[in-house]
1. Residues B:D299, B:D247: which one is in a helix (DSSP H, G or I), farther than 30 Å from A:E162 by Cα and of a type in the set (D, E)?
2. Within the stretch B:57-91, track down each residue that is outside any helix (DSSP H, G or I), polar (S, T, N, Q) and crowded, with 20+ Cβ neighbours inside 10 Å.
3. From the list B:S182, B:S188, B:S159, B:S194, which one is hydroxyl-bearing (S, T, Y), within 30 Å of A:G412 (Cβ to Cβ) and modelled with pLDDT under 95?
4. Of all the residues that make up the stretch B:166-183, how many are away from every other protein chain (no Cβ under 13 Å) and within 21 Å of B:D222 (Cα to Cα)?
5. Kindly list the number of the only condition in (1) polar (S, T, N, Q); (2) without any contact (Cβ under 8 Å) to a residue 40 or more places away in the chain; (3) surrounded by 17 or more Cβ atoms within 10 Å (Cβ to Cβ) that fails for B:S327.
6. Filter the stretch A:161-215 for residues that are among the small types (G, A, S), over 30 Å from the mean Cα position of the chain (by Cα) and part of a loop (DSSP other than H, G, I, E, B) and give the result.
7. From B:V234, B:V290, grab the single residue that is at pLDDT 95 or above and either surrounded by 15 or more Cβ atoms within 10 Å (Cβ to Cβ) or within 11 Å of another protein chain (Cβ to nearest Cβ) (or both).
8. Residues that are of a type in the set (S, T, N, Q) and under 30 Å from B:V480 (Cα atoms): does the stretch B:610-618 have at least one?
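The values are calculated or read from the model by the stated rules, or taken from the named source; none is laboratory data. Everything numeric here is computed off the predicted structure, so don't read it as measured data. Note that each Cβ is placed from the backbone with ideal geometry, even for glycine, and that neighbours are counted across all protein chains shown.
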There are 2 protein chains.
Amino acid sequence: MRHNLIEPGDNEDITNERLGSSFSVGKLAAFIHGGEEKLRRRHEILEFVESQEDFQDPIPPEFMSRKERVENNARKIVAMTNKVSFIDQSDVFEEGLFFQSLIMGRDFHAMSLHYSMFIPTIQGQADDDQLDYWLPLAVTRAIIGTYAQTELGHGTNISKLETTATYDHKTDEFVLHTPSVSATKWWSGGLGKSSNHAIIPAQLIINGSNKGLHMFIVQFRDLDTHMPLPGITVGDIGPKMGIPGTDNGFLIFNNYRIPRKNMFMRYSKVLSNGEYIAPKHSKLRYGTMVFVRSIMVRDQAMQLAAAVTIAIRYSAIRRQGEWKPGSNKEVQILDYRTQQYRILPYLAQSFVFLFTATEVKDLYMRVSEQLSAGITELVHELHILSSGFKAVITWEVAKGIEQCRLACGGHGYSHVSGLPEIYSFAVAGCTYEGENIVMLLQVARFLMKTVKEIQSSNAHLAEIARYLLGDKKYKSRFRVWQTAKYEDLIEDFEQAARNQIYSTFDYLQQLQKNNLSPEEAWNCASVELCQASRLHILCFMAKSYFLKIAQCTEPEIIRILNLIGKLYSLHTISTHCYSFRKADYMTDEQMKNVKCGIYEILGKLRPDAVAIVDSFDFSDRELHSVLGRRDGNVYAAMLEWVKHSELNKTEVLSTFKKFLGPMMESGRSKI
Amino acid sequence: MRHNLIEPGDNEDITNERLGSSFSVGKLAAFIHGGEEKLRRRHEILEFVESQEDFQDPIPPEFMSRKERVENNARKIVAMTNKVSFIDQSDVFEEGLFFQSLIMGRDFHAMSLHYSMFIPTIQGQADDDQLDYWLPLAVTRAIIGTYAQTELGHGTNISKLETTATYDHKTDEFVLHTPSVSATKWWSGGLGKSSNHAIIPAQLIINGSNKGLHMFIVQFRDLDTHMPLPGITVGDIGPKMGIPGTDNGFLIFNNYRIPRKNMFMRYSKVLSNGEYIAPKHSKLRYGTMVFVRSIMVRDQAMQLAAAVTIAIRYSAIRRQGEWKPGSNKEVQILDYRTQQYRILPYLAQSFVFLFTATEVKDLYMRVSEQLSAGITELVHELHILSSGFKAVITWEVAKGIEQCRLACGGHGYSHVSGLPEIYSFAVAGCTYEGENIVMLLQVARFLMKTVKEIQSSNAHLAEIARYLLGDKKYKSRFRVWQTAKYEDLIEDFEQAARNQIYSTFDYLQQLQKNNLSPEEAWNCASVELCQASRLHILCFMAKSYFLKIAQCTEPEIIRILNLIGKLYSLHTISTHCYSFRKADYMTDEQMKNVKCGIYEILGKLRPDAVAIVDSFDFSDRELHSVLGRRDGNVYAAMLEWVKHSELNKTEVLSTFKKFLGPMMESGRSKI
């Protein structure tokens, strides 16, 4: 592994930062990534990816048109899946995600949903015969599938999806139909141009009776010509904020017939006589969503880490302003407290979220094991946690990336920085796989139920909620950051969460006493409910972080992880001032010390900032940012980069001959 | 004028919203836009723009490649400037901005800097002979100019710009030179491909002595062929987050010679013998920046208003979820308190910022008049205010637009919503024309100086700072939103600002007592200093708003403006909880009532939300958003919109033949 990122010819400022750091980058990198062996594998995979000609982009993708990007991605995804045996495919969370990001960058591709939704849904919903038929087709890539749930007018409330599948027992077929414009299937990745199959959730109608949403597997393009089959209208949904290389699509059915056996029948069944057999368990379905949300935590944390890395490295080589006596150079912008304040709290968040990702992965693995043994104990806990993490983390990550981008000044707006792409890629996580507000309200539902149980002394509490039973603390013990113990900080998080959760519960009661229905009261209190969920999740993450770093045995690393943990805690307290001062749990004086603590820790972390982000172990390939280059030689590389601009292919654009030239000529004739 | 936006065939939900509103949209629109006459002119200009064939886009620009957009913009800017006499060109703030936005949309163009920087700088810096020569060329559009200050490695600290202009008295010329990569001129709009002239700030060197930054006017492309002249390297800087139709450029000088008379000589002069004559007044230059910042306030406010309009109209027609008893339809998402909380505080901000824009315009006009009479009294005040507004408003606007975008769910990510473009266009305002943090620290410099003067009883206070002299209030009088008087709310803003400003002053003193140099102390306190500036500006804006609405005489409009003013105030207090609870000025109970007040006002504004945004008087053309269409018929229009996608030009992409087809065929052969 690389113990040292310094190389001859590097920018002097960045080299000095590395020379001046107080700890071993290799050791911190190993702690972050779960050991030396994991780190070695990262480098091995990187080397492999860089050695494969068909994994390379002919030009940086940001200079390609959408069509070129879609084509480039299609080429690469075939190459990638051809060679996927190089990695441990069972390790989706780490090797899988890493391998894909090295090759595909910050975009999805023609087969994203094939792997994340199509195959898992077949595995989860198909009966044995269906499994035998469809799984080999999908796994050998004989077909490309996607998952088309969302409709133009319907997202979260899936019970109101409009697409119908009406059983016709004369022909033993289902007739799929899009009964209105708002029923058009919309958004699915790979649906527009790449896939020839899709899993379609639709309302099952038998003899005029609606049996509710069921899943159907549907071929909609010809295998040989790839033309849409009769009765199908399908296409791309146009340009989006991010993922330009992905053909998100729409799909309209016009009385489109599929065989009866194309309804997935592991749980419900329709017999050839039209008899409907309802599922035994009505709710064993969210496995796929939980899986995707769990993976998202790590991906999101890495996106934030990438943005922080770019901003910190660039701030080390960018010089601006003069206030340091005796220097004939301008100041490194990383020396400005305002700049540190913009970036370093998000550096701390990257660590907390990355360690949360490890925890979620472990929990997911445990649940999967239990489930295969028929134990469902932890399913609900994982569901609540993954919803909450997803909502809290995606939003913090989006804010953090955007702050990092703004901290890079003008160059942060250019695609040369990589940051616009990181932002648009990551922020979508606030919406897909469960809109954040909806997720927070799910967590709140759980919390309010828990409080009710506690108050009726009927509590059988999940581990994650047990602190709600704890004694109420009236005053925070916090004095100054140096003396703050973890136990005290955790107590602060717990009490702030308790105060927020219980006061929201009271508010709900109050609203109902004022003659609101439970639904109306819930709606009126919903902003406070979201805040309660947020505090609950933030509390959980702070506890996890401190537990995790307690495993570290290297003093030089412990020092850094401690500073990061305290910065994270104080910054979170300061951001959620309202909840931490609730019931006067923290005083004005304490809050002032929280703020001063933040400023002082920023100063303590400053000298190690570059080394800390070096420990994320991003290669230039993975980071894909001229501003964030390892070597710090940014400006020369920017000049190289702009040579790819399509406007620079000719010295004089046609605009001159057509419009600007004649205008100026006419102007000159008037002088 | 349109009194009513209801038309046959509109979406039923949006019609019902309009039918149910409590006030006249026409009256509120007139109040917002400064009277019936201004509103009439808006509609006249809109009609004119829609009638001109050469102002139209062949396809929606979001479907064009960068090259196509640059070309389309060049075509339109020539057409626009050909017909600019239709509007009152002296009214840049309103008619000018409006006319341009209707034609160019949310992008800049080849001549943006020609008008905003090139001509104003000639007017401000050229001596009489230079004025006679250059101004007619610029005004008749015989040349296209830009302003190239920023360099690859230098932004805010302009004294360290590296480009040199060395006087060669043998030939009576200046030699312009780019001495290093980081000295490359970078970012200027229109520099890359469109302009043939630029104003270049460069270090003036005479006989080896650096006389500091001066401005030079430079031709760098051939007038007939448009080819770069020998000694010039120039080009486009590549794709950015927004403004794809603008050719922001770079420029490198290789010992490039220009005549002596091309240095602007209104203030400094260089004689042919090399003698340098320094300017009498060293600082009369920021006129152009102040002008641009003042205009930005209105533009930014309108961008936020547009985002809010889109989000509210869409939330009225989007239905999702079921909790209203007796309804067989899903709930309009605008009924969710969380959705209201995401959007309506920004609706309130739009009003506050728009009214601030009017105030800034008035102040700017007064200063311009005074200046032409030699009075400089208000210049500094305008400078401070415009810096502060720019910093506070651009950041709030960016946050608000992004919240509106997120509130539109999945469709907010698609360019069909218009929101990604609004965001990327507006957020750049945080950085250009003075980076926000730098702006806030300038305001803070003024505030700290003021406190010092007050404490030394030597205060000659600017009007905007006079409240700092007021008596300290120890407890807020706020009880509940219904009974809160404006005077009380203003007192809260003033006291919170005072507390933040004075405590920051004390913190600075404290740090210096701890042996930090003044510069170090300033840096350590800089986050608090920014917060002090922010509170100062927020206080000013709240006061302006309440003053402005006091002019309104229509009861039905007053009711709405009151609700908006209270929502703005309470939401700001809640957001800045830390500062408002400082020194226990507000208690836990009061802060709780602030929060409940917000939730209750949201409910009060809900029934009028659509009518309020209708009052911004956006046409579909100006809004440029399928989600925000007046008629609410969103889904059908989305299906129409996607037909423009370049991926939909053929049913089958080449990716099938080249990559995906062979992959699937090979897969099938394995089954």
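1. Details: B:D247 fails: in a helix (DSSP H, G or I).
On inspection, the qualifying residue turns out to be B:D299.
2. So in the stretch B:57-91, the residues outside any helix (DSSP H, G or I) come out as B:57-60, B:64-65, B:83, B:87-91.
Among the residues that remain, those that are also polar (S, T, N, Q) are: B:65, B:89-90.
Hits for the stretch B:57-91: nothing passes.
3. Among B:S182, B:S188, B:S159, B:S194, only B:S159 is hydroxyl-bearing (S, T, Y), within 30 Å of A:G412 (Cβ to Cβ) and modelled with pLDDT under 95.
4. Of the residues in the stretch B:166-183, 5 are away from every other protein chain (no Cβ under 13 Å) and within 21 Å of B:D222 (Cα to Cα).
5. Failing condition for B:S327: (3).
6. Initially, the stretch A:161-215 is screened for residues among the small types (G, A, S), giving A:165, A:180, A:182-183, A:188-190, A:192, A:194-195, A:198, A:202, A:208-209, A:212.
Right, trim to over 30 Å from the mean Cα position of the chain (by Cα) and you get A:165, A:180, A:208-209, A:212.
Listed by number, the residues that qualify are A:S180, A:G208.
7. B:V234
8. Yes, some residue in the stretch B:610-618 is of a type in the set (S, T, N, Q) and under 30 Å from B:V480 (Cα atoms).
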